[in-house]
Amino acid sequence: MEARAECVRAVMREADVDLVIADSGELLAWLTGYTVSETMYRAAFLPRDGAPFLVLRALDADNARAACWFSDITGFADWESPHEAMAGVLRARGFAGARIGIDANSYGFSALTAGRLQALLPGVQFVDLGEFGHRVRRVKSPAEIALLANAATIADKTMAAICEAAHEGMTTRDAAALAAGVFLREGADTGEVGPIVKSAGEHSFLHGAFATDTLGPGDIIHVELIPKVANYSARMMRPIVIGEPSARQRHVAERLIALQDEQIAAMRDGAIAADVDAIVRAPLLAEGLRKDYPNVTAYTLGLVTRTPRTSDFSPALLPTSDWPLESGMVFHVYTSAEGIAFSETVVVTGDGGRRLTNTPRAILTA
């Protein structure tokens with residue numbers, strides 16, 4: 001954890017700030033070893049020199065002490081103002097006139113929080129460090145990749161169980177309940193399984209609302225699995241056809257797989273993200289398998305906590321992504337057409353992408 005703190009301190013030295021606020025659930029977990037929902041505002045603070053400290057509800061203080069690698073933790077009662085409690089802690093530690101680094105795009109650092117802290121600490125200068133919490137977490141350590149690989153194994157086992165059990169007359173709710181049970185038995189953090197829906201249309205089904213649909217001959221059940229282990233989320237999608245796939249479905253599946261395999265092979269250190277994105281995007285549009293392609297072809301995987309942002313698009317593969325891939329980045333690589341979708345959890349290496357999910361790359365049948 002000290003090495004992670006030093007990564008943040010490097011950003012602080014470059015921006016000449018005395019302290020940073022970590023208030024998104026993901027950065028809080030990554031930096032401190034502890035995270036909790038924002039029922040009431042809570043934040044960790046990292047000085048440029050010295051150990052971090054944490055201010056949060058007194059109800060959560062003991063759990064934080066058990067999880068954090070530092071001991072300076074202050075709890076406030078539920079009838080107290082979190083902002084006033086934090087302002088008091090900052091004054092007591094000599095930061096009343098400090099330059100304090102923030103991520104202005106953090107869902108924790110709301111306009112209300114910014115205004116309250118500025119009013120309580122008029123001598124403080126808040127400095128937006130951009131999405132520094134995302135930047136320091138982009139490249140995953142071997143320990144983080146191991147957690148993602150563990151989660152990917154759970155996804156593989158769950159997909160196999162759903163495919164084996166799928167049948168005419170099964171409901172999407174049955175499939176989701178089965179998936180949740182496998183998640184919990186295999187060691188996932190929760191039973192939250194991802195979209196398991198009857199497929200329809202071009203790509204809107206990827207975010208389709210959960211419903212209890214009964215599956216009939218020829219239906220496609222779209223299964224996206226998102227297991228988390230120690231808050232690290234792997235992801236995978238497969239289509240399962242009830243009965244025999246049509247010739248058209250087989251053709252679409254084979255084309256999606258071939259293009260995505262080429263894309264994954266190109267995900268090597270130094271590759272420009274927009275070029276990797278185009279490997280899938282351009283042929284699908286040119287061949288008429290997609291009328292348009294407004295969504296990303298991959299986005300970042302890693303820590304996902306109790307957050308309003310269920311997917312991390314910093315960074316993501318798009319036509320405008322002019323930055324290079326780096327070894328150790330991990331992505332959810334996905335594509336879809338005509339109601340069929342495939343995705344994998346992929347880590348970038350010097351030799352190309354390496355899949356952490358290992359379910360057969362094929363349209364599955366029940």
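Numerical summary
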read-out: Output for the range 256-270, where each listed residue is assigned to a helix (DSSP H, G or I), in contact (Cβ under 8 Å) with a residue 40 or more places away in the chain and farther than 19 Å from residue 356 by Cβ; value: 256, 259
read-out: The range 206-219 residues that are within 23 Å of residue 294 (Cβ to Cβ), paired with ones that are not in a loop (DSSP other than H, G, I, E, B) (beta carbon under 6 Å, 6 or more apart); value: 208/197
read-out: Any hit, the range 152-162, residues being over 30 Å from residue 47 (Cβ atoms), hydroxyl-bearing (Ser, Thr, Tyr) and out of contact with any strand residue (DSSP E or B) (no Cβ under 8 Å at 6 or more places or on another chain); value: yes
read-out: Unmet criterion (only one of (1) open to solvent by less than 10 Å² (accessible area, probe 1.4 Å); (2) farther than 14 Å from residue 155 by Cβ) for residue 211; value: (1)
read-out: Test for residue 320: is it β-branched (Val, Ile, Thr), open to solvent by less than 50 Å² (accessible area, probe 1.4 Å) and free of Cβ contacts under 8 Å to residues at least 60 places away in the same chain; value: no
read-out: Residue within the range 334-344 that is part of a loop (DSSP other than H, G, I, E, B), under 21 Å from the mean Cα position of the chain (by Cα) and under 23 Å from residue 145 (Cβ atoms) present; value: no
read-out: Count of residues meeting criterion [farther than 17 Å from residue 12 by Cα, in contact with a strand residue (DSSP E or B) (Cβ under 8 Å, 6 or more places away or on another chain) and either at pLDDT below 95 or open to solvent by 20 Å² or more (accessible area, probe 1.4 Å) (or both)] in the range 110-132; value: 2
read-out: Counted residues, the range 236-277 - those being under 30 Å from residue 139 (Cβ atoms) and open to solvent by 40 Å² or more (accessible area, probe 1.4 Å); value: 9
read-out: Any pair with Cβ under 9 angstrom, 6 or more apart, that starts in the range 182-196 at a residue that is more than 13 Å from residue 230 (Cα to Cα) and open to solvent by less than 40 Å² (accessible area, probe 1.4 Å) and ends at one that is part of a helix (DSSP H, G or I) and among the aromatic types (Phe, Trp, Tyr); value: 191/183; 193/183; 195/205
read-out: Qualifying residue in the range 279-297 (condition: within 21 Å of the chain's Cα centre (by Cα) and either part of a strand (DSSP E or B) or β-branched (Val, Ile, Thr) (or both)); value: yes
read-out: Filtered residues of the range 36-56 (kept if of a type in the set (Val, Ile, Thr) and crowded, with 23+ Cβ neighbours inside 10 Å); value: 55
read-out: Residue identified as closer than 30 Å to residue 4 by Cα, buried (at least 22 other Cβ atoms within 10 Å of the Cβ) and among the hydrophobic types (A, V, I, L, M, F, W, C) among 175, 179, 146, 151; value: 151
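Here is a yes/no grid of residues against (1) within 20 Å of residue 266 (Cβ to Cβ); (2) in contact with a Gly (Cβ under 6 Å, 6 or more places away or on another chain); (3) surrounded by fewer than 21 Cβ atoms within 10 Å (Cβ to Cβ):
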| site | (1), (2), (3) |
| --- | --- |
| 295 | yes, no, yes |
| 299 | yes, no, yes |
| 302 | no, no, no |
| 336 | yes, no, no |
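The values are calculated or read from the model by the stated rules, or taken from the named source; none is laboratory data. A quick note: this is a predicted structure, and the numbers were derived from the prediction, not measured. Backbone-built Cβ (ideal geometry, glycine too); neighbour counts: all protein chains shown. Side chains included, ligands, DNA and RNA excluded: accessible areas come from the protein's heavy atoms. Shrake-Rupley method; radii C 1.70, N 1.55, O 1.52, S 1.80 Å.
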